[in-house]
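J.: The structure under discussion is supplied below as C-alpha cells; questions concerning it will follow.
Laboratory data are not the source of any read-out in this text; all were calculated from the coordinates shown. This structure is a prediction, so every number in the text was calculated from the model and none was measured. Virtual Cβ from ideal backbone geometry, glycine too; neighbours counted across all protein chains shown.
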Amino acid sequence: MLNQKYRPTPLLEPDEQPPITLKEIPTQHRFRLLYLLKHSTLLGVKIVWLKLRRQLNNRILGILLRDLFQQFGILWIKIGQLLAMRVDLFPAEVCTALSQLHNQANGFSPELAKHLIETELGQPIEVLFSHFEAHPFAAASISQVHRATLRSNQCTVAIKVRKPNAEQLFHADMRIIRRLVRLLQWLSIRPYMRWQEMQWEIEQLMIEELDYEYEAANMRRMRKSLKAHHIYVPKVFMAYSSPSLLTMEYVAGVLMSDYLKTAQQAPERVDTWLQHNHIDPTVVGRRLFLSLMRQLMEDNLFHADLHPGNIMLLRNSRIACIDFGSIGFMNQEFLEKYTLYLNAVTQQHYGKAFDLFLHFPKDIPATDLTALKAEFTHILQACDERCRIPTLAYTEKSLIVLNDTFLQVLSRYHISMTWDFLRMTRALATADAAFRELIPALDSIRLMQTYLRQRMARGMQQPLKPQSWQHQPNTAALLQLPSSANEAMMLQNTIIRKQAYVQCGQRPVAHAIQTLLSIWIFILRLTACVCLLEYLQQQALIETWLPLHWPRLDGQVWLLMLLACAYLHRVMVQLKQQYRAQYPQHSQYHF
C-alpha cells in the first residue's frame, strides 16, 4: 500500500469536482450501422456547408472529427487516438484535435452497477464492503469507477465496472471496421498505410481493454518494474476482480489533469500547494520523461496511455500511474536499432542517424533518397539548435514535433513507419501534455543524453550472460559496439540502396508494365460502374446524368458484362501482385 508520507493534501475540495452525469445505457448495436451512417452523413453535410461558406479549416475539421468519435464511443475513440499518430495521413491540426480524445463519458445507474458487482463476485455488496459509494467518481466509454472500503482489511479501493453493452458494441463496430478496411484495400486507397495492420492493432487494443484480467496482469507486472523507477502502481485485489470487474487500491493523489486545469485558473493556489507538498514540477517532469524512456527502451513494457488523467502527483515529487488497460511492447530488434539511432542523434552523427532511421519503415521505395537524407539532416540540426534556446516555446523543441515532422516528410516519399515506431510515438505523445506544463524549457536532446548515460550506468552494473545475448543484450555492450561495425552497417545500407537505384534504372519496362496493369484495373472498375448505372437507367430504376445511350439489352446480358468485368479485374489484380512479387526491386525493397 502507498506510504502515508507520500499522500499529498487535496488540491480541490470535493464540491469543486464536477459530478459524473448518469444516463441510461443505449441499446444501439442492432441498428449500429444505420446509426453510424446517419451521424457520419450529417457530419459530411456540415463539413461541405462550412467549406462553401469558407469557414472550414484544419482545426475545426479536427474538432468535428473528435466530437464524432467521442459520440460513437468505445472502439471509435481508440481509432481516433491511433489516427492522431498519423501526421503522414492527416494535417497536424487534425491530429492535435484527435489526440485530445479520452474515454470521458457519462456513467450509468448505481443500481445496475451494484447488480453487476454482486453478480460477478457472487455475494451482496454489504458482505464484501463496509462502505460503498453508489455514485461513481469517474466514468469512461467502457466503464465507471466506484469508491469502496473492503470489509476484510478496511482498505479503500476503487472498483472499475465494465458497462454491460460494451462488448456487444465492440463486436458490432469491429464488423463495420473490417468491411471498411476491405473497401480501402479494394479501392487501393493509400496501400502503403497498411490498413490491415491498423485493423489488427485496433482489435488487439480493444480486446485487452475489455477484459480486465489483462489489465490486472499488466498492473502486477508494472508494479514490479516501475518500483525501480520510484513510480507507484496501485495494488490489485484479484479475489475481488473478474474479466468485467477490477478492484484495485485507491490512491489518494492529485490527478495531473486537475493540476494543469487549476494551474491555468488559479496559479497562486497551485504554487502554495506545491510548496506545502514539497513538489518540484521540473523534477516531476524529468522523472516522468526518464521513466517513460526506460519503460520503452529497457523494460520493453510501457504505459501506452500516459495522458494527464492517468498520472497522479504525490508528495516529495513522487508519481503514481493508473489505468493500465493499454500497455505496449515492441520488437527487441527494433529497440536495439533505435538505441543506436538515439546515440547517433545525440552525438550529432546525422548521416549515420539517417541510415539507421531507414531500418524503421517496413517498405522503402526504390528511388533516389539523397534529397530525403539532406532534409532529414537539416531537420535534426535545426532541432538541436532550437533545444539550446531556453526561452523558445516548448512546441518548437518537443520530440513529438520532431517525429511529426519526420512523418510528414516521409509521406511525400510514400514511406510508412512500422507500428513499433508508431506505438513509441503514441506513448510519448500522450505524455507530452504533462511534459509541456512541467518542463516548458525542455531540452529534449540533452535530456535524452542524460537517459542514455543512466542506461549505460545501469547496464554496466548488470553481468553479461552469454546464453541470453541473443534475446536480452547487455546495455553496456550494446552501446559500446565497435564503431567499425557501425560503419560497416552504414556502408552496407548505402550499397543496398545504390543497387536498388541501378536495378530500377536498368529495367524501366518493369515499372511501365505495372503502371499499365494499374490503368487497366481502373478502366475495368470504371466500366463496371458505367454498365451498372446504364442498366439501372434503362430499367427505369434511377435517372442518371450519364450522356451515354447504349442499346437496350436484356438484363442477363448486362449481368454477364458485369461478371466479365469482375473476372478480368480479378485477373489483372493477380497479375499485378505476381509481377510485383517477382520484381520487388521495381516497387520497393525491404530491410
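J.: Given R₀ = 41 Å, what would the calculated FRET efficiency be for Arg220 paired with Ala134, taking r from the Cβ atoms and rounding to 0.05? Show your work: numbers first, answer last.
T.: On the way: r = 29 Å, r/R0 = 0.70.
E between Arg220 and Ala134, to the nearest 0.05, is 0.90.
J.: Label points 7 Å out from Cα along the Cβ direction at Glu333 and Gln265: separation in nm?
T.: Roughly 5.2 nm, to one decimal.
J.: What nm distance separates the two modelled labels at Asn58 and His230, each placed 7 Å from Cα along Cα→Cβ?
T.: According to this spin-label approximation, the distance is 4.0 nm.
J.: Zone of Glu93 (label point 7 Å along Cα→Cβ, backbone N under 17 Å): which residues in the range 378-411?
T.: none
J.: When we measure straight from the Cα of Lys227, which lysines land under 18 angstrom away, once same-chain ones fewer than 8 places off are left out?
T.: Lys5, Lys235
J.: Pulled fully out, how much extra length does the chain show between Asp67 and Ala371, if you take 0.36 nm times their separation in residues and subtract their Cα-Cα distance? List each step's numbers first, then the result.
T.: Numbers: separation 304, 0.36 × 304 = 109.44 nm, distance 3.91 nm.
Taking 0.36 nm per residue and subtracting the Cα distance, the gain is 105.5 nm.
J.: Roughly how many Å is it from the Cα centre of the range 113-182 to that of the range 1-67, as a whole number?
T.: Between the Cα centres of the range 113-182 and the range 1-67 lies a distance of 21 Å.
J.: Here is a follow-up. Could you give the length gained on full extension between Val530 and Arg446, defined as 0.36 nm per residue of separation minus the Cα-Cα distance, in nm?
T.: On the way: separation 84, 0.36 × 84 = 30.24 nm, distance 6.09 nm.
Going from the current span to full extension adds 24.2 nm.
J.: May I ask you to evaluate 6.51 cos²θ - 1.76 cosθ + 1.60, the Karplus curve with θ = phi - 60°, for each residue of the range 426-432 and list the ³J(HN,Hα) values in order in whole Hz, giving x for glycine and proline?
T.: Once θ is set to phi - 60°, the couplings for the range 426-432 become 5, 4, 5, 5, 5, 7, 5 Hz.
J.: With the crude spin-label approximation of a point 7 Å out along Cα→Cβ, what separation in nm comes out for Glu197 versus Thr119?
T.: My value for the distance between the label points is 4.0 nm.
J.: Could I ask something else about it? Tally Lys/Arg at +1 and Asp/Glu at -1 over every other residue whose Cβ is under 9 Å from the Cβ of Arg315; what's the total? Spell out each step's value before the answer.
T.: Numbers: positive: Lys5, Arg7, Arg318; negative: none.
Around Arg315, the charge tally is +3.
J.: Still on this model: Just subtract the alpha-carbon distance of Leu42 and Arg570 from 0.36 nm times their residue separation and send over the number in nm, one decimal. Display every interim value, and only then the final one.
T.: Values: separation 528, 0.36 × 528 = 190.08 nm, distance 3.51 nm.
Stretched fully, the Leu42-Arg570 segment lengthens by 186.6 nm.
J.: Among Ile125, Ile389, Ile142, which comes first, then next, by fewest other beta-carbon atoms within 10 Å?
T.: Numbers: Ile125 18, Ile389 12, Ile142 25.
In increasing order of surrounding Cβ atoms, one gets Ile389, Ile125, Ile142.
J.: Shape call for the range 286-329 from the C-alpha gyration tensor, a ≥ b ≥ c root eigenvalues: rounded (a/c under 1.5), prolate (a/b greater than b/c) or oblate?
T.: Values: a/c = 2.56, a/b = 1.30, b/c = 1.97.
Verdict is oblate for the range 286-329.
J.: Ranked from highest to lowest mean number of other Cβ atoms within 10 Å per residue, what is the order of the peptides 58-66, 521-529? Don't skip to the end; give the middle numbers.
T.: Details: 58-66: 17.8, 521-529: 15.4.
Listed from highest to lowest mean packing, they are 58-66, 521-529.
J.: Which FRET efficiency value, to the nearest 0.05, is calculated for Thr391 and Asp15 with the Förster distance at 35 angstrom and r the Cβ-Cβ distance? Spell out each step's value before the answer.
T.: On the way: r = 40 Å, r/R0 = 1.13.
It comes to 0.30.
J.: Checking the a/c ratio against 1.5 first, then a/b against b/c, what shape does the Cα gyration tensor give for the range 391-433?
T.: Cα axes put the range 391-433 in the oblate bin.
J.: Just to confirm a number: summing +1 for Lys and Arg and -1 for Asp and Glu over residues other than Met330 whose beta-carbon lies under 13 angstrom from that of Met330, what do you get? Walk me through the numbers on the way to the answer.
T.: Numbers: positive: Lys337, Arg423, Arg426; negative: Glu201, Glu298, Asp299, Glu333, Glu336, Asp420.
Residues close to Met330 contribute a combined charge of -3.
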